[in-house]
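I have placed the structure first, in the form of structure tokens, so that the comments after it can refer back to it.
Derivation of every value follows stated rules applied to the coordinates shown; laboratory data play no part. Everything numeric here is computed off the predicted structure, so don't read it as measured data. Please note: Cβ atoms are built from the backbone with ideal geometry, for glycine as well, and neighbour counts cover all protein chains shown.
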Amino acid sequence: MNNIPLKYQPQIKQLVNKAYARGFVKGQKSMRREIIEFRCNKCHNLQDQDDKQSNENWAVFKTNEKCKCGGKYVLFVNGKEL
Ligand SMILES: [Zn+2]
């Protein structure tokens, strides 16, 4: 089940760290298996990563991109909205 990119841009990493700090995501830090997705906060549509900036090692998402329905893309960790 490893479709998780190796690295994220620093601001996303920070958000994920926050999620762990709040107990949002269960499990030990060293055993992290988080599924990180950006989804629309209205229709839950998955945001595509930025193909120009992403590569095999980095998944880059445009943070100010809007969904077609007008919703905002927000971070989902393990299926839960952060
Ligand atoms: Zn939407």
For segment 32-46, what are the residues that are in contact with a strand residue (DSSP E or B) (Cβ under 7 Å, 6 or more places away or on another chain), free of Cβ contacts under 8 Å to residues at least 40 places away in the same chain and farther than 15 Å from GLN9 by Cβ?
-> CYS40, ASN45, LEU46
Out of segment 44-82, which residues are in a loop (DSSP other than H, G, I, E, B) and under 24 Å from GLY23 (Cβ atoms)?
-> HIS44, ASN78, GLY79, LEU82
Scan segment 65-74 residue by residue and report those that are within 14 Å of ILE12 (Cβ to Cβ) and more than 12 Å from the chain's Cα centre (by Cα).
-> GLU65
Quick one: in segment 33-46, of everything that is hydrophobic (A, V, I, L, M, F, W, C) and surrounded by fewer than 16 Cβ atoms within 10 Å (Cβ to Cβ), which residue is farthest from the ligand (Cβ to nearest atom)?
-> ILE35
For residues that are loosely packed, with under 13 Cβ neighbours inside 10 Å and touching a strand residue (DSSP E or B) at 6+ places or on another chain (Cβ under 6 Å), tally how many sit in segment 47-64.
-> 1
